[in-house]
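Worksheet for the structure shown next.
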Amino acid sequence: MKVDYIIVGLGLAGLAFAEELITAKKTFMVFEDASQTSSLVAGGVYNPVILKRFSPVWNAKEQLAVALPFYERLEKKFNIKFDEKFVIKKVFKSIKDQNNWFVAFDKPNVAPFLDEKLDKNTYSGVIGEHYFGNVKEGGRINTLKLVETYRNYLKENNCIRFEKFNHKEIILEEDLVKYQDIEASTIVFAEGFGIKENPYFKHLPLEEVKGELITIYAPELEIDFLLKSTLFVMPLGNNTYKIGATFNHLDKTSEPSQEGREELVEKLQKVISVPYTIIDQTAGIRPTVKDRRPMVGIHPEFKNLAVLNGLGTRGVIIAPTVARNLFHHITNNEKLDDEIDIKRFK
Ligand SMILES: Cc1cc2nc3c(=O)[nH]c(=O)nc-3n(C[C@H](O)[C@H](O)[C@H](O)COP(=O)(O)OP(=O)(O)OC[C@H]3O[C@@H](n4cnc5c(N)ncnc54)[C@H](O)[C@@H]3O)c2cc1C
């Protein structure tokens, strides 16, 4: 079988790259072995402002301008809603925190996303003695629904194999790569934390940051916005809420843990004051990089092998842009930004 590309991994990165290929009428085969869960469990939140420091998310404006139409196109393609827009309410911890919010209005790449009018806490069940600040243009992509829908679509079109890609079986030739019965011009590795098993790219300094979330049923809590405090409380409808997330740099497993659950419960008691039941708990490994930039590019020695990884804590907003960047880099030799190019790791 001859295809233009093989994609290894169908999380947000692999999905965004597959969409680029479909748009460009290229053929491909995806391998997906369910070894990683990050894109399935992600909160899916997109928020242009880092609320700890009231600083802008890296290239947020530019990336949102690519990402939001990207998800909108997928909604039309499948006739399914993936994008839910909501206000993000930051709970101020102190008067100083509140003052810093107003200082942020002097930052041109943050100010457009902040609402000048503060909110008094009138929400029953929500703890917070100070005001709340409102962030505009935030929302959530239901990544679980999106990735599952996309995998089914690829399955119907015979473009995905649900099996482990075994790097040892790659045969590199001058202008093509062979893998089992497939001949392709390029393999794009979008393996998330699975990159650690990839002999061609395992030198890249990808770090694991495990994250856990719980879903609660809280019948007395009625909020239709995302509440951001030491953790986030995100409405899912029918009095259920997603709560997250933890950041664990030591645990390399994707299994939910008692420790993660306890941490979330402890923090949650300082955020809401109503009874709730935990109805679900999920976990995954965020593929992160110390400099907080994605890892994109072509192997320094083997030009038929490329990587799309390092989406960190913001896969939703970053994936569509970097997938496009990589595609144009491979096909038209367009230069990658030094910030994202794997050449920065010599
Ligand atoms: C708890 C948690 C909360 C998060 N919340 C948010 C959020 O609110 N907003 C946001 O933007 N981001 C969030 N993220 C981050 C986001 O999930 C990631 O940035 C993104 O999902 C990474 O996508 P990816 O495709 O690079 O990796 P992955 O989702 O890990 O996908 C890689 C895929 O490759 C497959 N694979 C790996 N190796 C092989 C192999 N050898 N053969 C075949 N298949 C293979 C894996 O099974 C996996 O499906 C969160 C992450 C976690 C864990």
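The table below lists the values:
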| item | result |
| --- | --- |
| Rg/Rh for segment 237-346, where both radii come from Cα atoms and Rh is the Kirkwood radius | 1.13 |
| Segment 1-159: relative contact order as a whole-number percent, Cα under 8 Å and 6+ apart | 29 |
| Built amide H within the under 5 Å cut-off of THR37, gap 5+ | ILE285 |
| Pairs from LYS61/LYS117; LYS270/LYS290; LYS228/LYS346; LYS164/LYS343; LYS81/LYS178 whose Cα-Cα separation, in the structure shown, is over 32 Å | LYS228/LYS346; LYS81/LYS178 |
| Check: the chain dipole with +1 on Lys, Arg Cβ and -1 on Asp, Glu Cβ, in debye | 660 |
| Portion, in percent, of the accessible area of the chain that falls on carbon or sulfur, probe 1.4 Å | 50 |
| Order by protection proxy (mean Cβ within 10 Å, highest first), peptides 158-169, 304-315 | 304-315, 158-169 |
| Backbone HN-Hα couplings from phi across segment 329-346 [Karplus 6.51/-1.76/1.60, Hz, Gly and Pro as x] | 5, 6, 7, 10, 6, 5, 5, 7, 4, 4, 4, 10, 5, 5, 4, 5, 9, 8 |
| LEU114 long-range amide H proximity, modeled H, under 5 Å | LYS136 |
| Heavy-atom surface of segment 118-213, accessible at 1.4 Å and reported per residue (Å²) | 48 |
| Cα-based helix-to-principal-axis angle, 60-78 vs the chain, degrees rounded to 10 | 70 |
| Within the chain, percent of DSSP bridges classed antiparallel, to nearest 5 | 70 |
| Gain in span if fully extended, ASN158 to THR331, counting 0.36 nm per residue against the direct Cα distance | 59.9 nm |
| Computed over the chain, the ratio Rg/Rh where both radii use C-alpha atoms and Rh is Kirkwood | 0.99 |
| Between helix 258-268 and the chain: long-axis angle, C-alpha atoms, 0 to 90°, nearest 10 | 40 |
| Cα gyration tensor shape for segment 106-242, rounded if a/c is under 1.5, else prolate or oblate | prolate |
| Between segment 280-306 and segment 115-152, the Cα center-to-center distance that results, in Å | 27 |
| Per-peptide average of other Cβ atoms within 10 Å, ordering 47-57, 328-338 highest first | 47-57, 328-338 |
| For the chain, built as a Gaussian network whose Cα springs stay under 10 Å, the top-fluctuating residue of ILE243, ILE272, ILE141 | ILE272 |
| Residues whose placed amide H lies under 5 Å from that of LEU236, excluding near-sequence neighbours | TYR241, LYS242 |
| For segment 96-186: relative contact order, % (alpha-carbon pairs under 8 angstrom, 6 or more apart) | 14 |
| 1.4 Å probe accessible area per residue over segment 1-55, in Å² | 35 |
| Computed helical MRE - 222 nm, the chain, DSSP H runs ≥ 4 contributing -39500 (n - 2.57), nearest 500 | -8000 deg cm²/dmol |
| Length released on extending from TRP58 to GLU266, taking residue separation times 0.36 nm less the Cα-Cα span | 71.8 nm |
| Vicinal HN-Hα couplings computed from phi for segment 173-185 (Karplus, 6.51 cos²θ - 1.76 cosθ + 1.60; Hz; Gly/Pro x) | 10, 3, 10, 8, 10, 10, 9, 6, 8, 10, 10, 9, 7 |
| Segments 177-187, 113-123 sorted - mean Cβ within 10 Å per residue, highest first | 177-187, 113-123 |
| Positive-end residue of HIS167, VAL8, THR240, charge dipole of the chain with Cβ unit charges | THR240 |
| Whole-Hz ³J(HN,Hα) from phi, Karplus 6.51 cos²θ - 1.76 cosθ + 1.60, for segment 306-312, glycine and proline x | 10, 10, 9, 7, x, 6, x |
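The values are calculated or read from the model by the stated rules, or taken from the named source; none is laboratory data. Note that the coordinates shown come from a computational prediction; the quantities given were computed from them, not determined experimentally. Here Cβ is always computed from backbone atoms with ideal geometry, including for glycine, and neighbour counts include all displayed protein chains. Heads up: the accessible areas ignore ligands, DNA and RNA and are worked out on the full protein's heavy atoms, side chains in. Shrake-Rupley method; radii C 1.70, N 1.55, O 1.52, S 1.80 Å.
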